[in-house]
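Scroll down for the structure; my scribbles are underneath it.
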Amino acid sequence: MAKKYNLLVVDDEEPLRQLLEAELGDAAEYAVDVAADGGEAINRIQAKVYDVILLDIRMPRVTGIDVLKFVQEYSPTTQVIILTNYADIKTAIETIKLGAYDFLAKPYDIEEIFNTVHRAIERRQLFIDNKLMKSELTRKAGSNELVGQSPAFVRLVDNATRFAESESFILIQGASGTGKELIANLIHRRSSRNNRPFVAVNCASIPDALLESELFGHEKGAFTNAFASKQGLVEVANGGTLFLDEVGDISPAIQPKLLRFLETGEFRRVGGTNLLQVDIRVVSATNKNLRDEVAAGRFREDLLYRLNVVTLPMPSLRERAEDIPLLSEYFLKQKAKSKNVKTLSPEAARLLQKYHWPGNVRELEHAIEGAILLSAGEVIDENDLQLSVHRPAPFSPPAEAAPSGAGATLEDLERVHIERVLRENNFNRARTAELLGISKKTLYLKIKRYGFSVPD
């Protein structure tokens, strides 16, 4: 059964409040709370994330306008429908300028109320989708389709589909580039939460100082440059699925707060005192062996047990080598810049089949994309494939860009060395970081610092 939408009815007239509670509460898709005045409404909003609020405009002490302004600052994704008398239509129109979604005039038409609430929910979802799309476009590359028919891949999809039907937390374990986020997406789509948001957080790419604020939000003035309150991604994901990618990179300082949230569903925004609660399912992923991380003291054992109620191991591309021709053909079609799709020569196809693929499916995708650009004709030859088993010479920077001698700074040498290792490993960040002896987060910061153009 799909998750219910949370509604709050705020009206100081008890008969109207009870009517709306009864009518909307009878619908299987809604969970309805009520508040008799603006003060009680604000208290409820601080303790629970609502999808839609039906708000009376005229109330004593704390008015509907006051509540609307609070919602706009505290929970901007929540949609507000103003309840008003015909005499207050002018005021109700003014509330639209303040951010209300719509207004309804008394006496209410129940069918109109249901239609307006439904449209408000759609608007909230569109608002969330647009917000998430901006961050997804900057961090996510490749396809959302699942391609493969090998026994290992079919078994993976079958298990993910079966696990999706439960509400259990799932830990996806596998090397970088194996498609962990695609499986997390599949779990969300096959779950009862598929009508609510899927929110992905790359824990390795967000600095420790910002990760807590990104997850749980912050209050105005909580820290320097916190000029306004901000909803955390756990609030945005309410009712849906939160995907914690590279969860093994979360710092020990944040792990206890994450554990408490996973156990109770409760959290506080950074700088806040109010306890909020949401209902989300957590799917996490890591390319690390978390038991080794626990043994090394870098990861909490109780957090590991909470995250991996169910574990899904991801097969490497070599473990599903039968899928390489299918994936290659798929990427050739997907990356084609024209209607004419290039093909692989028999020699190129054999090279792809025997290569060890340390970067897995992502490396294959990038190899195909690069070969399309390098090939002169309609057939991709083995010389067009930039693989370590078939590379004529290692990368060397242009003469004018390569620092040398006494004039070269340590920073210059570092920049050239990192770029060379990146190129030699087809921009596989995990492999590059391992060879350089640094963490992926440190490598990410170096890439940003030196302005390298690196595929995601």
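Among the residues of the range 222-256, write down those that are under 20 Å from the mean Cα position of the chain (by Cα), among the β-branched types (Val, Ile, Thr) and surrounded by fewer than 17 Cβ atoms within 10 Å (Cβ to Cβ).
Correct list: Ile254 only.
Could you please give the count of residues in the range 337-369 that are touching a residue at least 40 places away in the same chain (Cβ under 8 Å) and among the β-branched types (Val, Ile, Thr)?
2
Do any strands (runs of 3 or more DSSP E) entirely within the range 165-255 hold 3 or more residues that are of a type outside the set (Val, Ile, Thr), and if so, which?
The strands (runs of 3 or more DSSP E) meeting that bar are 198-202, 241-245.
Among Tyr74, Tyr50, which is the only one that is under 30 Å from Glu266 (Cβ atoms), modelled with pLDDT under 90, buried (at least 17 other Cβ atoms within 10 Å of the Cβ) and aromatic (Phe, Trp, Tyr)?
On inspection, the qualifying residue turns out to be Tyr74.
In this structure, does Thr273 turn out to be outside any loop (DSSP other than H, G, I, E, B) and surrounded by fewer than 20 Cβ atoms within 10 Å (Cβ to Cβ)?
Criteria not met by Thr273.
Of all residues in the range 198-216, which are of a type outside the set (A, V, I, L, M, F, W, C) and at pLDDT 90 or above?
Asn202, Glu212, Ser213, Glu214 - these are the residues of the range 198-216 that are of a type outside the set (A, V, I, L, M, F, W, C) and at pLDDT 90 or above.
Restricting attention to the range 146-160, report how many residues are within 22 Å of Gln334 (Cβ to Cβ) and either of a type outside the set (Phe, Trp, Tyr) or without any contact (Cβ under 8 Å) to a residue 60 or more places away in the chain (or both).
Result for the range 146-160: 8.
Can you confirm whether Phe243 is in contact with a Ser or Thr (Cβ under 8 Å, 6 or more places away or on another chain), outside the structural domain of Lys440 (by TED's automatic domain parsing) and modelled with pLDDT of 95 or more?
Yes; evaluated as a whole, the condition is true for this residue.
Among the residues of the range 230-272 satisfying the criterion of being β-branched (Val, Ile, Thr) and in contact with a helix residue (DSSP H, G or I) (Cβ under 9 Å, 6 or more places away or on another chain), which is nearest to Gln173 (Cα to Cα)?
The qualifying residue nearest to Gln173 (Cα to Cα) is Val247.
In the range 161-175, is there at least one residue being farther than 20 Å from Thr286 by Cβ, surrounded by 18 or more Cβ atoms within 10 Å (Cβ to Cβ) and either at pLDDT below 90 or not polar (S, T, N, Q) (or both)?
Within the range 161-175, none of the residues are farther than 20 Å from Thr286 by Cβ, surrounded by 18 or more Cβ atoms within 10 Å (Cβ to Cβ) and either at pLDDT below 90 or not polar (S, T, N, Q) (or both).
Name the residues in the range 32-41 that are surrounded by fewer than 19 Cβ atoms within 10 Å (Cβ to Cβ) and either of a type in the set (A, V, I, L, M) or assigned by TED's automatic domain parsing to the domain that holds Gly265 (or both), would you?
Listed by number, the list holds a single entry, Ala36.
Just to verify a result, which residue in the range 207-221, among those that are touching a strand residue (DSSP E or B) at 6+ places or on another chain (Cβ under 9 Å) and more than 13 Å from Val247 (Cβ to Cβ), is surrounded by the fewest Cβ atoms within 10 Å (Cβ to Cβ)?
Only one residue tops the list, namely Lys220.
Might you let me know whether the range 59-73 holds any residue that is touching a strand residue (DSSP E or B) at 6+ places or on another chain (Cβ under 9 Å) and basic (Lys, Arg)?
Scanning the range 59-73, I find no residue that is touching a strand residue (DSSP E or B) at 6+ places or on another chain (Cβ under 9 Å) and basic (Lys, Arg), so the answer is no.
Between residues in the range 84-103 that are under 14 Å from Val67 (Cα atoms) and among the acidic types (Asp, Glu) and residues that are at pLDDT below 80 and surrounded by 15 or more Cβ atoms within 10 Å (Cβ to Cβ), which pairs lie under 9 Å by C-beta distance while being six or more apart or on different chains?
Qualifying pairs under 9 Å: none.
Picking from Val361, Val310, which residue would you name as being in contact with a helix residue (DSSP H, G or I) (Cβ under 9 Å, 6 or more places away or on another chain), modelled with pLDDT of 90 or more and under 29 Å from Glu419 (Cβ atoms)?
Only one candidate passes the filter, namely Val361.
Quick check on this structure: which one of Glu301, Glu266, Glu293, Glu212 is within 30 Å of Arg44 (Cβ to Cβ) and more than 19 Å from the chain's Cα centre (by Cα)?
Glu266
All but one of (1) in a helix (DSSP H, G or I); (2) polar (S, T, N, Q); (3) under 26 Å from Arg320 (Cα atoms) hold for Gln149; which doesn't?
(1)
The rows are residues; the columns are (1) assigned to a strand (DSSP E or B); (2) of a type in the set (Phe, Trp, Tyr); (3) not assigned by TED's automatic domain parsing to the domain that holds Asn274.
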{"position": "Arg17", "(1), (2), (3)": "no, no, yes"}
{"position": "Glu21", "(1), (2), (3)": "no, no, yes"}
{"position": "Tyr50", "(1), (2), (3)": "no, yes, yes"}
{"position": "Ile53", "(1), (2), (3)": "yes, no, yes"}
{"position": "Pro60", "(1), (2), (3)": "no, no, yes"}
{"position": "Leu68", "(1), (2), (3)": "no, no, yes"}
{"position": "Glu73", "(1), (2), (3)": "no, no, yes"}
{"position": "Leu83", "(1), (2), (3)": "yes, no, yes"}
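Mind listing just one residue for me: the one in the range 187-206 that is in contact (Cβ under 8 Å) with a residue 12 or more places away in the chain and closer than 23 Å to Asn289 by Cα and, of those, surrounded by the most Cβ atoms within 10 Å (Cβ to Cβ)?
Ile187
Restricting the search to the range 408-450, which residues are polar (S, T, N, Q), more than 24 Å from Leu211 (Cβ to Cβ) and surrounded by fewer than 19 Cβ atoms within 10 Å (Cβ to Cβ)?
Thr409, the sole residue that qualifies.
Taking only the range 23-48 into account, find how many residues are under 20 Å from Thr95 (Cβ atoms), of a type outside the set (A, V, I, L, M) and assigned to a helix (DSSP H, G or I).
4
The values are calculated or read from the model by the stated rules, or taken from the named source; none is laboratory data. Everything numeric in this text was worked out from a predicted model, so none of it was measured. Counting neighbours? That spans all protein chains shown, and the Cβs are built from the backbone with ideal geometry, glycine included.
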